[in-house]
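Working notes, structure below.
The values are calculated or read from the model by the stated rules, or taken from the named source; none is laboratory data. Given the structure is predicted, the values throughout are model-derived calculations rather than measurements. FYI the Cβ positions are ideal-geometry reconstructions off the backbone, even for glycines, and counts take in every protein chain you see. These area figures cover heavy atoms from the full protein model, side chains too; ligands, DNA and RNA do not enter into them. Shrake-Rupley method; radii C 1.70, N 1.55, O 1.52, S 1.80 Å.
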Amino acid sequence: MLVLVAVHALTAVIAPALVRLWGRQALYLVALVPGATLAWALTHTATVRSGEPVTETVTWVPQLGLELALRMGTLSWLMVVLVGGVGALVLAYSARYFRSDDPGLGRFAAVFLAFAGAMLGLVVSDDLLLLYVFWELTTVFSYLLIGYDPAKRASRRAAMQALLVTTLGGLAMLAGFVMLGQHAGSYRWSEVAENLPGGGYLAAALVLILLGALSKSAIFPFSFWLPGAMAAPTPVSAYLHAAAMVKAGIFLVALMGPAVAEATPWRPVLLVTGLITMFFGGWSALRQVDLKLLLAYGTVSQLGLLMVVLGAGTRDTALAGVAMVLAHALFKATLFLTVGVIDHATGTRDLRELSGVGRRAPALAVVAGLAAASMAGLPPMAGFVAKEAAVEALLHGGTADLVVLAGVILGSVLTVAYTLRYLWGAFADKPDTPATTVRPVSWSFLAPAAVLALAGVAVGLLAPAVDRLLAPYADLYRSAEPGYHLALWHGLTPALGLSVLAVAGGAGLFHLMRRERVRATLRLPFDGAAVYKKCIALTDRLAVELTGKTQRGSLPFYLGVILVVLVVLPGGTLLAGSPWPQRFHLWDTPLQGVAGAVVVIAAVMAARALRRLTAMILVGVAGYGIALMFILHGAPDLALTQFLVETVTIVMFVLVLRRLPVKFSERPIRSSRRGRIAIGVAVGAVTAGMAYVATGARQAIPISVGFPDEAVSYGGGKNVVNVTLVDIRAWDTMGEIAVLVVAATGVASLIFRRARDLDRRGDIPGGGRAESTRPRWLTTGATARAQSVILQVVTRLLFHAILLFSIYLLFSGHNAPGGGFAAGLVAGLALAVRYLAGGRTELNGAAPVDAGVVLGAGLFVAVGTGVAALLLGGEFLQSAMLDFYVPVLGKVHFVTSAFFDVGVYLIVVGLVLDILRSLGAEMDRQHETEDVEVREKELV
Amino acid sequence: MSPNLTYVIVVGVLVAAGVTLLLERSLTRVLMGVILLGNGANLLLLTGGRAGGAPIVGSTPQEEMSDPLPQAMILTAIVITLGMTAFLLALAYRSWHLNGHDEVQDDVEDRRIMDLAERDEGPGDADAGTGDDDDDDTDTNSDRSLAASTDAGRAG
């Protein structure tokens, strides 16, 4: 069974390729898969007839108790036969229905097959959770099938409606399954059925499960989605809305019925909703002019009848119910297929426009007639046998059953009436309508429908054989009396009389409606469609209101909310309960106080500054103050890096700020200023409080006490911080340099407007262009007038010395303050000085490489170091020490992690180079070009 | 461990100043807020470790060393702040170049939804009632309303 499901899935994957190869003919090939399903089921007929289920179990997720437990009893066997048989025939029909150049054909074949596979899985699942998975899969695939034409609004809407309704029901059903499964301690239905809870618990679970079944089978109040789903192509309607998907709900009710029929509120719910659906559907079918919609409402009505009969829950009604499932699948699929044929042959499905089709396409009329006879319940059709059985079974029940019987008979009257309406509408000669032109129908187009119609006749004629096949299911209901048997002829029974009555009544009703033009519409107390519409509108409104309230699209607002939460929750906790440490010290050395004061004053003034440059300088001062505090703390590496970073930052700011206005703009308006300050102060206070409490609460010995020893023995270096970076916590550093590469790429892509500008390295602007008269407060660009020759020469002289120093820092960093980060920044500053002194030509002269290449090389070296260690049998980024003697240099102690540091170095250099190229050189170029353009305009 | 009050105060002030700037509209100010906040956070990390001599074996006895772990973390954080500063600066410049200012704008799509909420409408109301219309000509209308709210976003 599992293999069959897998074959469906695999074929679905390759189906689009097959369609591309052979066009619509590929559907014949694809049809072999459901055909094989049918054949497989038929080989197990003997086993099933003996009442033995075919089982198969594969463990799937043992932690969840989820296993692929499959079980095919009589009911499942019947469903497999229908799913496979009807599926194969509908696919064969589709090979003629669609055109080869239909753009959606490949997808159709794939989704149709996937749907068939899901349906197959559904009906053979023993595990309820597995059943649910397949259940939802059918929902999703049916969504795709109904939305076959995504360009049509109606088709999209119908697909969405079907999806929402059935998924919602499916979720409720899952809850019901879980309730039952948790109680039974197993999710296998064969075990759950033996171990049912009682009372309100069971009732709640059943109501939830019924919600799923009723919504799937389009039973009131969920009926509305099925007629909408007629937006799908006709083969889809024939399969999903006759044989397969809508039958899933029926299947579930039939599956659970034998175990739960006696429990409240199973029977009343099914009988009441089923009867309402039957009337509503039947009456609506009588009012349709579109043949397909007529059949759709007819299906709704029939599904209601099936729910009633299967919900009645006795041995005989169960037998009648499954017989009806079989009969309905056969005749309804046939009828849908014939509507598709009529649609293709005449170009319309409107029964007001069709006339004389029966005379022009007699074979089609015969096929449709056979199926219609079955639907109306005329002998010797399958429909007749099934309805006889139902009537007979209900006749022998109690008072309630008799009421139900009256309903069923009334429903049959409606069925006969709309069957006649269908036949009359599709095939009759209408005196006041011009005869329709009918294109010839190929036998291969009609054959699938004919096979189904004949199968309906065969089931009727072979009723006793069918009875023997289906009886094991009915016998699951324990019954004292000897049961009913399906047969064509039971003699002159009351049931036969009632059948005759129903046919006569139906014919009368049809004629009455034709002649009198009865226009009464059946209004239900409340309409599912209206409720659905309201729910959707309400959800939309709620979403809009909620989004409008919370998603204001304002960055300060979002930040404000986050920060206020920070103040209220952790801040409140801090105030409420923390033990505040009593012991504290003012500073480690008084110098810390001095540095701290500088930082505090600079930060406060920076927040108040109105000019960009002032603010930038004050932030820089705060940064240098922090560097001072690092030194006093005993962190020379940090201090070095902080000094360098602050310097590079100032260079960057200057490069950008020269383009921006001097003052900050006046937004936001001043009134919100106090609020911002209040939030700022509160957050600052909470953070300070946390720093105080957290430090004071610290008891444990730091993890880093062992670092110095490890640094020397494993890392081969004396500078613990550097060894931590390149060895102990090298993974972190790896992540961080990756971030740097991303940031650099981002900067470049924000500034460089065209990719080819990135290659602009060696171009020297023509002399005329450089004659910019605009005063610049910093010597930038290639404007010869603003350049200081002395500065340029001095920087050229110093440049190599600085670079050499940076390389010294890089390699000494393992044992003394320095390392890749600091060294890279130093080298970057050397480049910055060159750029500031001589503009972008000077920068290109100093670094005639693309920043991206440097960044990439750095990342390559860093990752390469790690991979090399891996290849040599160590762990990723594990370092090794090498001691060797080099002439001139003497004894060299080398650690492989130095390579990693070289990678870091290159990336930092690349970052700074990238910044200088983007924020410096490219910006200059853009502004010069604009200046030239402006001047050219003025000249014109 | 006894808290160092100077650190606590400096952390508090840096965060307060940083947050105040962060809530501004001007991207340059936001960026300065980020830098100050970053410095505050770095110092906060530093308070988690003991102060002392430089963590270099040989130059400081081990028991007098400052805690190296927070330092390693802060070191990478400093450099990352540099990358982030560069990125935000580029962003501010780009914004100024395109719009003539470097302010953080309200999101246009969100403003559209707020407008809908004020008018008590749902998202689908615009094209409701077209029923089974198979063409999507109503889309042009929604484009127009998007353009209108874009203007509103600039003006507001």
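A compact table of results
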| item | result |
| --- | --- |
| Charge tally in the Cβ shell below 11 Å around A:VAL833, where Lys, Arg are +1 and Asp, Glu are -1, A:VAL833 excluded | +1 |
| Derived scalar couplings ³J(HN,Hα) [region A:205-211; Karplus, 6.51 cos²θ - 1.76 cosθ + 1.60; whole Hz; x for Gly, Pro] | 4, 5, 4, 4, 5, 5, 4 |
| 10 Å Cβ neighbours from other chains, averaged over peptide A:696-704 | 4 |
| Gyration tensor (alpha-carbon) shape descriptor, region A:265-520, a/c threshold 1.5 | prolate |
| Protection-proxy order for peptides A:369-381, A:42-54, each taking the mean of Cβ atoms within 10 Å per residue, highest first | A:369-381, A:42-54 |
| Amide hydrogen neighbours beyond the local backbone of A:PHE894, cut-off 5 Å, H modeled | A:LEU882, A:ASP883, A:PHE884 |
| HN-Hα J in Hz across region A:840-847 - Karplus 6.51, -1.76, 1.60, θ = phi - 60°, x for Gly and Pro | 6, 5, 5, 5, 5, x, 6, 9 |
| Span from the region A:60-127 Cα centroid across to the region A:286-353 one, whole angstrom | 20 |
| Size of charge dipole - chain A - debye, nearest 20, with Cβ of Lys, Arg +1 and Asp, Glu -1, no other charges | 3120 |
| Over 28 Å (Cα to Cα) - which of A:LYS549/A:LYS663; A:LYS216/A:LYS549; A:LYS292/A:LYS387; A:LYS152/A:LYS430; A:LYS663/A:LYS937 fall in this group | A:LYS549/A:LYS663; A:LYS216/A:LYS549; A:LYS152/A:LYS430; A:LYS663/A:LYS937 |
| Separation of alpha-carbon centers, region A:547-600 and region A:860-899, rounded to whole Å | 44 |
| Rotationally averaged projected area of the protein assembly as shown (alpha carbon convex hull; nm²) | 58.6 |
| For peptides A:436-447, A:255-266, sequence by mean Cβ density within 10 Å, most packed first | A:255-266, A:436-447 |
| Backbone HN-Hα couplings from phi across region A:184-199 [Karplus 6.51/-1.76/1.60, Hz, Gly and Pro as x] | 7, x, 7, 9, 7, 4, 4, 8, 4, 4, 7, 9, 8, x, x, x |
| Contact order relative to length of region A:59-190, as percent, for alpha carbon pairs under 8 angstrom and 6 or more apart | 26 |
| Residues with amide H under 5 Å from that of A:ARG188, placed H, sequence gap 5 or more | A:LEU128 |
| Built amide H within the under 5 Å cut-off of A:ASN815, gap 5+ | A:LYS718, A:ASN719 |
| Shape call, region B:5-99: gyration tensor on alpha carbons, a/c limit 1.5 | oblate |
| Surrounding net charge for A:TYR97, when Lys and Arg each add one and Asp and Glu each subtract one, Cβ distance under 11 Å | +1 |
| Exercise: per-residue mean of other protein chain Cβ atoms within 10 Å, A:530-538 | 1 |
| The protein assembly as shown - accessible surface per residue (Å², probe 1.4 Å) | 42 |
| Protection proxy ranking, peptides A:102-109, A:868-875, average beta carbon neighbours within 10 Å, highest first | A:102-109, A:868-875 |
| Helical mean residue ellipticity (222 nm; -39500 (n - 2.57) per DSSP H run of 4+; nearest 500) of chain A | -23500 deg cm²/dmol |
| Cα gyration tensor category, rounded, prolate or oblate, for region A:330-426 with a/c compared to 1.5 | prolate |
| Averaged over A:543-552, number of beta-carbon atoms from partner chains that fall within 10 Å | 6 |
| Mean-position separation - Cα centroids, region B:71-95 and region A:213-255, in angstrom | 59 |
| Chain A, relative contact order [Cα under 8 Å, separation at least 6], % | 8 |
